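The values are calculated or read from the model by the stated rules, or taken from the named source; none is laboratory data. This is a predicted model, so every value here is computed, not measured. Because the Cβ atoms are built from the backbone with ideal geometry, glycine has one as well, and the counts that use them run over all protein chains shown.
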Amino acid sequence: MKGQFVLDKLLDVKEPEADQRIDSVMYEQPREGLFRVLQNPMIWEVSRIGLDLVFGLYRRRSNVMQNWGLLENNPSIVDVGCGIGQYSDVTRGSYLGIDLNRDFINYASKRRRKNPNASFVCDNAASLVDDGSRFDIVLMVDVLHHLSEDAGTGLLELASDLSESYIVSFEPVKDQSNPVGQWIIDHDRGRYIYSLDELHTMFEQSPLTIVESIPLQLGFINSRAILAKPK
Ligand SMILES: C[S@@+](CC[C@H](N)C(=O)[O-])C[C@H]1O[C@@H](n2cnc3c(N)ncnc32)[C@H](O)[C@@H]1O
């Protein structure tokens, strides 16, 4: 089964138990210490609000989707690796946030109430393929840099299966023009921050075609916004 194949590829483990599945993706990061506190959804939200206020972390990415015309007509959206669901309000259409982190999902379910059509589920995104679910837009924000190249390509393959129209990916890139941005990236929790070429190659090796790829400056950080569609 293709869905199961993608699931295995994403998780890199055979028939994992639920908790092991979460651990295999969420706690892959070699840098622990202070970063561990970010596993607390409330602390995560405070850090995100700060980053949004100062650098426009969420605002600017939502604007990119708006400028691409993706949010007209309230599309259905699946937010893969949704965290605490910061993008649940970008549409009034159906929004499904899916994440492996149960604490984030529980928190999102309680906190994100502006969109009455938003729901959240704690699971691997690969499970959606088996359900036969389809969405206008598959959104992935800051997810790929937590996945190996194989798992990342698997996720893009999965996104292609889930998408009726577009796939949107927002990612920081390895090469930064600003030393502060470079320091932040070098100390990010994500083990796999890709160069722009590597990101593009990952898309090219997947069943997706890049429609737009634009730089997006988020404070000190050079990031990339990629719009793709199934081939
Ligand atoms: C850095 S967080 C980004 C959260 C959110 N997108 C945001 O921008 O605030 C990456 C999230 O991806 C989730 N994740 C990684 N692989 C996943 C998968 N295969 N299925 C569902 N969630 C996944 C992790 O659990 C983690 O919460």
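Mind listing whichever residues of the stretch 42-88 are away from the ligand (no atom under 12 Å from the Cβ), within 25 Å of residue 190 (Cβ to Cβ) and among the charged types (D, E, K, R)?
Within the stretch 42-88, 59, 60 qualify.
Within the stretch 100-121, work out how many residues are free of Cβ contacts under 8 Å to residues at least 24 places away in the same chain and part of a strand (DSSP E or B).
Selection size over the stretch 100-121: 0.
So residue 177 passes all but one of these: (1) over 13 Å from residue 126 (Cβ atoms); (2) part of a helix (DSSP H, G or I); (3) of a type in the set (Gly, Ala, Ser). Which condition number does it fail?
Going through (1) over 13 Å from residue 126 (Cβ atoms); (2) part of a helix (DSSP H, G or I); (3) of a type in the set (Gly, Ala, Ser) one by one, residue 177 breaks only (2).
Results for (1) in contact with a strand residue (DSSP E or B) (Cβ under 9 Å, 6 or more places away or on another chain); (2) not basic (Lys, Arg), shown as yes or no for each residue.
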position: 87; (1), (2): yes, yes
position: 102; (1), (2): yes, no
position: 126; (1), (2): no, yes
position: 129; (1), (2): no, yes
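If you scan the stretch 97-120, which residues turn out to be in contact with a Pro (Cβ under 6 Å, 6 or more places away or on another chain) and either at pLDDT 95 or above or within 9 Å of the ligand (Cβ to nearest atom) (or both)? Lay out the reasoning, then the answer.
Step one: filter the stretch 97-120 for residues in contact with a Pro (Cβ under 6 Å, 6 or more places away or on another chain), giving 103-104, 107.
Residue satisfying the conditions is 104 alone.
Looking at the stretch 151-195 only, could you name the residues that are buried (at least 18 other Cβ atoms within 10 Å of the Cβ), more than 16 Å from the ligand (Cβ to nearest atom) and closer than 30 Å to residue 94 by Cβ?
Once the filter is applied, which keeps residues that are buried (at least 18 other Cβ atoms within 10 Å of the Cβ), more than 16 Å from the ligand (Cβ to nearest atom) and closer than 30 Å to residue 94 by Cβ, the stretch 151-195 yields only 166.
Looking only at the stretch 120-166, count how many residues are under 18 Å from residue 211 (Cα atoms) and among the hydroxyl-bearing types (Ser, Thr, Tyr).
5
Could you please let me know if residue 160 is in a helix (DSSP H, G or I), of a type outside the set (Asp, Glu) and free of Cβ contacts under 8 Å to residues at least 40 places away in the same chain?
Judged against the criteria, residue 160 is not a match.
Of the residues in the stretch 63-81, how many are surrounded by fewer than 16 Cβ atoms within 10 Å (Cβ to Cβ) and assigned to a helix (DSSP H, G or I)? Show your work before the answer.
Looking only at the stretch 63-81, we keep the residues that are surrounded by fewer than 16 Cβ atoms within 10 Å (Cβ to Cβ), and these are 63, 66-67, 69, 72-74.
Filter once more, keeping what is assigned to a helix (DSSP H, G or I): 63, 66-67.
Total meeting the criteria: 3.
Within the stretch 196-203, does at least one residue satisfy the condition of being within 15 Å of the ligand (Cβ to nearest atom) and under 29 Å from residue 219 (Cβ atoms)?
As a first pass, look at the stretch 196-203 and keep what is within 15 Å of the ligand (Cβ to nearest atom): 202.
Cutting the leftovers down to under 29 Å from residue 219 (Cβ atoms) gives us 202.
Yes - at least one qualifying residue is present in the stretch 196-203.
Please find, within the stretch 122-139, the residue that is surrounded by the fewest Cβ atoms within 10 Å (Cβ to Cβ) out of those that are in a loop (DSSP other than H, G, I, E, B) and within 11 Å of the ligand (Cβ to nearest atom). Before the answer, list the steps.
Taking the stretch 122-139 as the starting set, the residues that turn out to be in a loop (DSSP other than H, G, I, E, B) are 123-125, 132-134.
Add one more test, that the residue is within 11 Å of the ligand (Cβ to nearest atom), and what stays is 123-125.
Working: 123: 16, 124: 22, 125: 27.
Here the residue is 123.
Could you tell me whether any residue of the stretch 140-150 is surrounded by fewer than 19 Cβ atoms within 10 Å (Cβ to Cβ) and within 12 Å of the ligand (Cβ to nearest atom)? Give the steps one after another, and end with the answer.
Step one: filter the stretch 140-150 for residues surrounded by fewer than 19 Cβ atoms within 10 Å (Cβ to Cβ), giving 142, 148-150.
Pick out the ones that are also within 12 Å of the ligand (Cβ to nearest atom) and you get 142, 148.
Yes, the stretch 140-150 has at least one match.
If residue 94 meets every condition in (1) of a type outside the set (A, V, I, L, M, F, W, C); (2) under 23 Å from residue 58 (Cβ atoms); (3) touching a strand residue (DSSP E or B) at 6+ places or on another chain (Cβ under 6 Å); (4) at pLDDT 95 or above apart from one, which number is that one?
Single failed check for residue 94: (3).
List every residue pair whose Cβ atoms sit under 9 Å apart, with the two residues 6 or more apart in sequence or on different chains, where the first one lies in the stretch 173-196 and is more than 12 Å from residue 143 (Cα to Cα) and the second, anywhere, is outside any loop (DSSP other than H, G, I, E, B) and acidic (Asp, Glu).
Between residues of the stretch 173-196 that are more than 12 Å from residue 143 (Cα to Cα) and residues that are outside any loop (DSSP other than H, G, I, E, B) and acidic (Asp, Glu), the close pairs are 173/198; 174/198; 176/186.
Return only the number of the condition from (1) at pLDDT 95 or above; (2) more than 23 Å from residue 38 (Cβ to Cβ) that residue 132 does not satisfy.
Only one criterion is unmet by residue 132, namely (1).
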